[in-house]
Structure formats: C-alpha cells, structure tokens
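Take a look at the structure set out below.
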Amino acid sequence: MYNLAIFNTRDYSIPPSTQIRDCYFSDENQLLEHLDSLHGVLIYSSEDSQSQVLELILSLKKQSLLPIWVKSKTENEISKKINLELGVLGNLDKNISDDELFVIIENTLKLIHKSDRENINGRNTSNELELNSLNCSMKLPNKSEVSLTRLEYRMVSLLASRVNQAFTYEEISNHVWEGNENVDFSMKTYRVANVAFHIRNKLKQGGVDPKILRTVRSVGYLLDSSRGSNLLKEVIAYNS
C-alpha cells in the first residue's frame, strides 16, 4: 500500500482497486512533518494558489526525494514549465478522471519502488556502514566509498554514536555547528533537515535505504538499525 499525500482539496475519489491510501493535508507544515511516512505527494493547484504551490514544491524538494505530481485547474503553460524545472514528476491535466489519475500515480510508484528494491537487494552484500574520519567519507555495504561534507560527516558520526536513539535538533545543531547558540531554533531545524536530506540522497544513490536516517517527529533524527544496517561503526583508516 502506498501512502499518497493529497494537498489542497478533498474533491477526489480514489478507485478501491488501487493500492493507494490517501493522506489529506491542508497545512504545509503538517505535510512536511509527515514526509517519512509518505510515498508521494499530489498537489491540487488553482490560479489563486500557484505561488503557494511553488513554495511547497521547493520545501518538499529540499527535505525529501518523494515524487510530486501537480493537478491544476488552469492551463498555465508557464506554471507547468516551472513545476517541471523544480522537479515535479508530472503536471496532470485538469480534465483527467480520478480513475486514470490514481492509476497513473500507482503505476509510477510501483516502478519507483521496484527499482529501489532491486538496487538495494543487488548491492547490499554486507550490513555494515563504515565511517572514515580521515577521509571524511562513508563506506557503503557495496564497498563503494562516498565522500561526505564536513557537516554531513559530523552529523552521521554523532548519530552513529548512539544507534536507535534520537538526538534532538538542538543536540545535532550544536554538534555540527559549534558555537551557534545565537541562532534561532527554526533556523537550526532547517539547517539540520537540509544536511539530513543530502545524506539520505547519498545513501539512496549507494543502494542503502535512506530511511535508515529516520526523522523523529518534533524531536530530531536517529539512525535506525532495523532498516538494514545492523552495525554502524567509526573506522579510522591510516593509509600509508
């Protein structure tokens, strides 16, 4: 079953034959808090809400890798082009029926998650993620090594020190950005979420379930060993 966020309307009907469970949101912040439990986002757009939709798309792309579709009540070609440039998977015609719309989304989600499963099953030969503090890198289960930025490495190494236990946004921020006491909490939360997004992207590209880096709602993040990595250890490699 795929959890599909539907934003900005209740005027829809999902065919019972599909494997889609709808999650209705009218508030952008609530939607952003639930990204880890979703498989995709469908945004309904009207002429009056186009600027809000663009802002939401930007927020979604900063914080997740979820596929996004937009169904618009207008035929504004400029808005459609901007949507695609921002990373929307598809602009859905205003005249498309709900039956066709949700089958298209279901088929796309099946392809996406089939590809993810094949990548993960094909690449994971070990359950270890290793951190190399000298190279500021992460060795993935397929033995490839991924370079991390200093901020990404500091966040991963902190979370790896206490696997399956959450660190708060405040704790992560203070560790990653030393001496940032004067930064307000909303900015700290945004910066931590942005670093987490880039780490997840690198994990996914390496065939590792990105949800190993799990969001704990309204708290922070943790490394979840049940997601396929039973051991996270810091390895300091001295290369001659």
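The values are calculated or read from the model by the stated rules, or taken from the named source; none is laboratory data. What you see is a predicted model; the values in this text were computed from it and never measured. With ideal geometry, Cβ positions are generated from the backbone for all residues, glycine too; neighbour counts draw on all protein chains shown.
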Residues located in the range 21-63, provided they are out of contact with any Ser or Thr (no Cβ under 6 Å at 6 or more places or on another chain), small (G, A, S) and either within 22 Å of N3 (Cα to Cα) or in contact (Cβ under 8 Å) with a residue 40 or more places away in the chain (or both): S26, S37, G40, S49, S59
Which listed residue is exposed (fewer than 15 other Cβ atoms within 10 Å of the Cβ), assigned to a helix (DSSP H, G or I) and at pLDDT 80 or above, from E100, E118, E152: E100
T168 vs. criteria of a type in the set (S, T, Y) and within 15 Å of K62 (Cβ to Cβ): no
Selection within the range 34-80 - within 22 Å of I104 (Cβ to Cβ), out of contact with any strand residue (DSSP E or B) (no Cβ under 9 Å at 6 or more places or on another chain) and exposed (fewer than 14 other Cβ atoms within 10 Å of the Cβ): E75, E77
Number of the condition not met by L66 [criteria: (1) in contact (Cβ under 8 Å) with a residue 24 or more places away in the chain; (2) not in a loop (DSSP other than H, G, I, E, B)]: (2)
Odd one out for Y2 among (1) without any contact (Cβ under 8 Å) to a residue 60 or more places away in the chain; (2) under 19 Å from L92 (Cβ atoms); (3) not β-branched (V, I, T): (1)
